[in-house]
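Visitor: Quick one: the structure is below, questions incoming.
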Amino acid sequence: MKKAILTLVVLCCIGLIAGCKSCGEPAELDEAMANEAAGDASFNGIVSVGDTISQYRETEDVYVDGEQTEYVFIFRSKECWERMLHDVENDSAALEDFYVAADDLMYYIYECGQKLQRMGVKYHNTSADKTVFCQGDIAYVPQDSCDCGVLIVKPGCQFEFVDLMDFLYGQEYSEQ
């Protein structure tokens, strides 16, 4: 019974993150989705990263143009959550701590999404097991599937990963 409840909690957490809609999807995604709908054989499998939990899909790689500053909200991958849960599933005290930490993280993830919306910037959502591609062969791959933060892609495809807490409360990234 505990495993079923734990799995449900983890999936709900992942669903909350995956259910967030991305602001200003790139034109390439719209074109690719239109090509898929039209039956175009050249469709390369790119789908919107804002899929809802009712159609639960893994997040996809993100493509940015590198001509303007864009933000990519990166959150823990499904595999990270499952690994963390597996590590504590037989220890009730550690399991309780896991739930508290997961709940706190969900709050901060919500706050980060709210901050990005208030900033009025173009941003995308994806998980830490995906790649962020910029013009040509320039790409950013998170170091760990448990990374959680905001990747700032500046013009010219300059990547800067900012930890979730630093993005929320760091002076350099505060809203003015």
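Visitor: May I ask you to derive the FRET efficiency for Tyr108 and Asp144 from their Cβ-Cβ distance with R0 = 22 Å, giving the value to the nearest 0.05?
Guide: Computed FRET efficiency for Tyr108 and Asp144: 0.80.
Visitor: Roughly how many Å² is the accessible area per residue of the range 61-176, as a whole number, for a 1.4 Å probe?
Guide: Per-residue value: 53 Å².
Visitor: Leaving ligands, DNA and RNA out of it, report the carbon-plus-sulfur percent of the accessible area of the range 107-170 at a 1.4 Å probe.
Guide: Its accessible area is 47 percent carbon and sulfur atoms.
Visitor: Also, I was wondering about something else. Using Cα pairs closer than 8 Å and at least 6 residues apart in sequence, work out the relative contact order for the range 71-176, in percent.
Guide: Answer for the range 71-176 is 35 percent.
Visitor: Can you pull the percent of Cα pairs in the range 100-176 with separation above 20 Å?
Guide: Cα-Cα pairs of the range 100-176 separated by over 20 Å account for 34 percent.
Visitor: For the pair Asp137/Met84, report the inter-label distance in nm, with labels modelled 7 Å from Cα in the Cβ direction.
Guide: About 3.5 nm separates the two model spin labels.
Visitor: In addition: Spelling out what I want: for every residue of the range 151-160, take phi, set θ = phi - 60°, compute 6.51 cos²θ - 1.76 cosθ + 1.60 (Karplus), and round to whole Hz; glycine and proline get x.
Guide: Result, rounded to whole Hz: 9, 9, 9, 8, x, x, 6, 8, 9, 9.
The values are calculated or read from the model by the stated rules, or taken from the named source; none is laboratory data. What you are looking at is a predicted structure, and each value in this text was computed from that prediction instead of being measured. Note: ideal-geometry Cβ built from the backbone for every residue, glycine included; neighbour counts use all protein chains shown. Quick note on the areas: whole protein, heavy atoms, side chains included, nothing else; ligands and nucleic acids left out. Shrake-Rupley method; radii C 1.70, N 1.55, O 1.52, S 1.80 Å.
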